[in-house]
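Read through the structure below, which is laid out as structure tokens, and then see the notes.
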Amino acid sequence: MVESMKYPFRQGMRLEVVDKSHISRMRLAVVDTVIGGRVRLLYEDGENDEDFWCHMWSPLIHAVGWAKRVGHPIKKSDDRRSDLGIHPTFRKIYCDAVPYLFKKVRAVYSKGGWFAKGMKLEAIDPLNLGNICVATVQKVLLDGYLMISVESVESSDGSECFCYHASSPYIFPAEFCQTHHIELMPPKGYTPETFVWEEYLAATGSKTAPAQLFNKV
């Protein structure tokens, strides 16, 4: 009983998780294994046990219906696995994980200004966690979520975008790295030595996200 309260996810529960091959969208997945708070997920439309490991409090997982509610892209699941009826994981409970199982994000308020498409900021690259990069808000979702892209990566299909919440500790105002003497990954065509925020904003005709919008905790 104690273990079930500590690790409430169970084999067979369905949820939404980021698509590891296309981080700008979500996919439906099913819980296969729970070990010490770590969850192994099997993509519902994957073959050969295509999996994804994350912590149960990870911001990369959400209740079924989250993507539609906030406006986040999600892969259509018309093509489901061919072995749903016989795979041991998919034959289990097979119910949707309820929303209260997921980590709650901090409430944010847009009074007095908010993020807007095109605003510049600095953000940790989710594919290279050691890098803080010049980034752009590509889309403002509901409930405080943002679709962001890093300027050092280009993609014609938008697959380089990723989702961060406005309260995330992984996004920062412009000149954060300069203030704290951290190397900043500049946009393509620039080097750390030649990049200057003021000049870049003038060249791109853009503006930065106001500093007061960022997490100060």
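The values are calculated or read from the model by the stated rules, or taken from the named source; none is laboratory data. Predicted model only: the values in this text are computed from it and were never measured. Note that we place each Cβ from the backbone using ideal geometry, even for glycine, and neighbour counts take in every protein chain shown. Heavy atoms of the whole protein, side chains included, go into the accessibility calculation; ligands, DNA and RNA do not. Shrake-Rupley method; radii C 1.70, N 1.55, O 1.52, S 1.80 Å.
Go through (1) touching a Lys or Arg at 6+ places or on another chain (Cβ under 6 Å); (2) open to solvent by 40 Å² or more (accessible area, probe 1.4 Å) one by one and return the number of the condition Ser167 breaks.
Tallying (1) touching a Lys or Arg at 6+ places or on another chain (Cβ under 6 Å); (2) open to solvent by 40 Å² or more (accessible area, probe 1.4 Å), Ser167 fails exactly one: (2).
Where residues in segment 79-108 are modelled with pLDDT under 75 and closer than 30 Å to His165 by Cβ, which of them is surrounded by the most Cβ atoms within 10 Å (Cβ to Cβ)?
It comes out as Thr89.
Only one of Tyr200, Tyr190 is more than 22 Å from the chain's Cα centre (by Cα), in a loop (DSSP other than H, G, I, E, B) and closer than 14 Å to Cys133 by Cβ. Can you tell me which?
Exactly one of Tyr200, Tyr190 is more than 22 Å from the chain's Cα centre (by Cα), in a loop (DSSP other than H, G, I, E, B) and closer than 14 Å to Cys133 by Cβ, namely Tyr190.
Identify the residue in segment 44-57 that is under 17 Å from Thr33 (Cβ atoms), assigned to a loop (DSSP other than H, G, I, E, B) and open to solvent by 20 Å² or more (accessible area, probe 1.4 Å) and, among all such residues, is modelled with the highest pLDDT.
Per the criteria, the residue is Trp57.
Tally time: how many residues in segment 10-23 are in contact (Cβ under 8 Å) with a residue 12 or more places away in the chain and either open to solvent by 10 Å² or more (accessible area, probe 1.4 Å) or on the phi > 0 side of the Ramachandran plot (or both)? Steps first, answer last, please.
Keep residues of segment 10-23 that are in contact (Cβ under 8 Å) with a residue 12 or more places away in the chain, which gives 10-20, 22-23.
Still in the running and either open to solvent by 10 Å² or more (accessible area, probe 1.4 Å) or on the phi > 0 side of the Ramachandran plot (or both): 10-14, 18, 20, 22-23.
Total satisfying the criteria: 9.
Please identify the pairs in which a residue from segment 188-217 that is at pLDDT 95 or above has its Cβ atom under 6 Å from the Cβ atom of a residue that is surrounded by 11 or more Cβ atoms within 10 Å (Cβ to Cβ) and not in a loop (DSSP other than H, G, I, E, B), counting only partners at least 6 apart or on another chain.
Filtered contacts from segment 188-217: Ser206/Lys120; Thr208/Lys120; Ala209/Leu121.
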